[in-house]
Amino acid sequence: MRRFLASSVGVTCAAALALPLALPDPAQARAPAVTAEPAVPGSTQSLPLVPLAGTRSLGPAASEQGLPRRDVRSFSLVGVVWDNPNSELHGHVQVRTRDAGTTHWSGWQDVETHYSDDAADLDSAERASGHVRGATAPLWVGASDGVEVRVQAELAEGDERAGATADSPLPRGLHLELVDPGADPPRAGTRRAEPTGGTSVVEAAAADALNTEPVDAAAANAGLAPLGATEIPALTKQQTERDPATQELLAAQGSRQRAQPYIGPRPRIITRRGWGADENLRERGFVYTKKVKAAFVHHTASGNKYRCSQAPSVIRSIYRYHVESSGWRDIGYNFLVDKCGNIYEGRAGGVAKPVMGAHTLGFNTNSMGIAVLGSYGATKPTSAALKAIARLTAWKLGLYGANPRGKTYLKSGGGNLYRKGKNVRLNVISGHRDGFATECPGRLLYGKLGSARRTAARYQGR
């Protein structure tokens, strides 16, 4: 694996930060590979794929690669990565897993291969770091200790694609990533956020002296919650408008907002500490854009076989997959939503701030990404998840003067729909597919965005 160098772009919180860990490459033995002894619970096993029977003599040029059934350490999420982030995996990826502590194997499950569009922009420092890899979507399988995988190429004769040719039909460097999210963070003794007053940042920092995690992510939410809070509490619309943090943000924009701006009530948001983020994994510092003009709605394509009580584990797994396996500086999405309507802080830097994400290739500047946990091509999103999208966008877009039912212009950073530099007119609440040719956020979730726009506008008082 690899570790990040701190980015020269962005704002680094003036807090005591822990140095990132160095993670060695996995061993090549048949036993499960170990990347490192984690500083906190959770780990990633990275296993190189091999040509399957009948094609072994072709080595890296084999059109079918994978791993036969094998015992591994416990994991809950799987994905496949490869060396070149500009390569696409044209083919099928399927996995079978064995429930932990049993002899029961699942049937073959498909892994979504078109995932490179959930990524940092092509000209960003994050993309140019040299650490980024191509990757499939992650698939949540639950606690497992056995795995089998097969990857089969689809390449027409004479077809030439980056990293995949007739001599090498699959991207080079294919690895199976098995992610263990670790145990949920302990709830006993955690401090909850208070709407006003409460523990000061200095007092909370002293109380956190025994905590080995860096505190910059929590400090970025100063004014919304005390340091170490597991959630940011909901406010009414009136409380939100009068909240000092809201007024400070509007003032910092040199606000052109009207005297009583259209800002929806702030929803309850579970912080990174609340879902158990290991702050030692990500790159230090934060990167911001100027404002938030639009929200892109995604699905994680990780499957729907999770309980809402497992959502923090799913998010910790995606976080590890984005950072350790895919080479990103942090989790890509700014926010995540589960099917029970819980909202989670995603990429660090402050939930009210214009944090640069890695969610919509070509349109990460001046936007935010909201990912609903699950796959919504054939499954309807819950009403609770749709309400959460509406509440979150009504608040966050309202802080920056955006109308959820309106249109806006974003400049493309390059992609497969719009050339670099083109000003594109988009819905203020768009689906991922509006900025990139992809199935995301799934047909059935995409079809509900009109309702989410209307509801968000109503929350704003429009």
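The values are calculated or read from the model by the stated rules, or taken from the named source; none is laboratory data. Please read these numbers as outputs of a predicted model, since none were measured by experiment. Note that each Cβ is placed from the backbone with ideal geometry, even for glycine, and that neighbours are counted across all protein chains shown.
Checking each residue in segment 131-141 for being touching a strand residue (DSSP E or B) at 6+ places or on another chain (Cβ under 6 Å) and of a type in the set (Gly, Ala, Ser) picks out 134, 135. In this structure, residue 317 does not qualify as touching a Ser or Thr at 6+ places or on another chain (Cβ under 8 Å), under 21 Å from residue 441 (Cα atoms) and part of a loop (DSSP other than H, G, I, E, B).
Filtering segment 383-395 for residues that are part of a loop (DSSP other than H, G, I, E, B), more than 20 Å from residue 312 (Cα to Cα) and assigned by TED's automatic domain parsing to the domain that holds residue 266 leaves an empty set. Scanning segment 328-349 for residues that are part of a loop (DSSP other than H, G, I, E, B) and either crowded, with 24+ Cβ neighbours inside 10 Å or of a type in the set (Phe, Trp, Tyr) (or both) turns up 328, 329, 330, 331, 332, 333, 334, 338, 346, 347, 348, 349.
Filtered by the rule that a residue be over 15 Å from residue 172 (Cβ atoms) and of a type in the set (Ser, Thr, Tyr), segment 64-90 gives 74, 76. Consider residue 76 carefully, then state whether it is among the hydroxyl-bearing types (Ser, Thr, Tyr), outside any strand (DSSP E or B) and buried (at least 20 other Cβ atoms within 10 Å of the Cβ). So residue 76 does not fit the description; no. For the subset of segment 79-127 comprising residues that are modelled with pLDDT of 95 or more and aromatic (Phe, Trp, Tyr), which member is surrounded by the most Cβ atoms within 10 Å (Cβ to Cβ)? Out of the qualifying residues, it is 82. Listed by first and then second residue, the pairs with beta-carbon distance under 6 Å, at least 6 apart or on different chains, first residue in segment 229-255 and charged (D, E, K, R), second at pLDDT below 90 and in a loop (DSSP other than H, G, I, E, B), are 231/193. For segment 366-386, the set of residues classified as surrounded by 21 or more Cβ atoms within 10 Å (Cβ to Cβ) and either out of contact with any Gly (no Cβ under 8 Å at 6 or more places or on another chain) or of a type in the set (A, V, I, L, M) (or both) consists of 368, 370, 371, 372, 373, 385, 386, listed by residue number. Looking at residue 150, is it among the basic types (Lys, Arg), at pLDDT 90 or above, in a loop (DSSP other than H, G, I, E, B) and touching a Gly at 6+ places or on another chain (Cβ under 7 Å)? It is false that residue 150 is among the basic types (Lys, Arg), at pLDDT 90 or above, in a loop (DSSP other than H, G, I, E, B) and touching a Gly at 6+ places or on another chain (Cβ under 7 Å).
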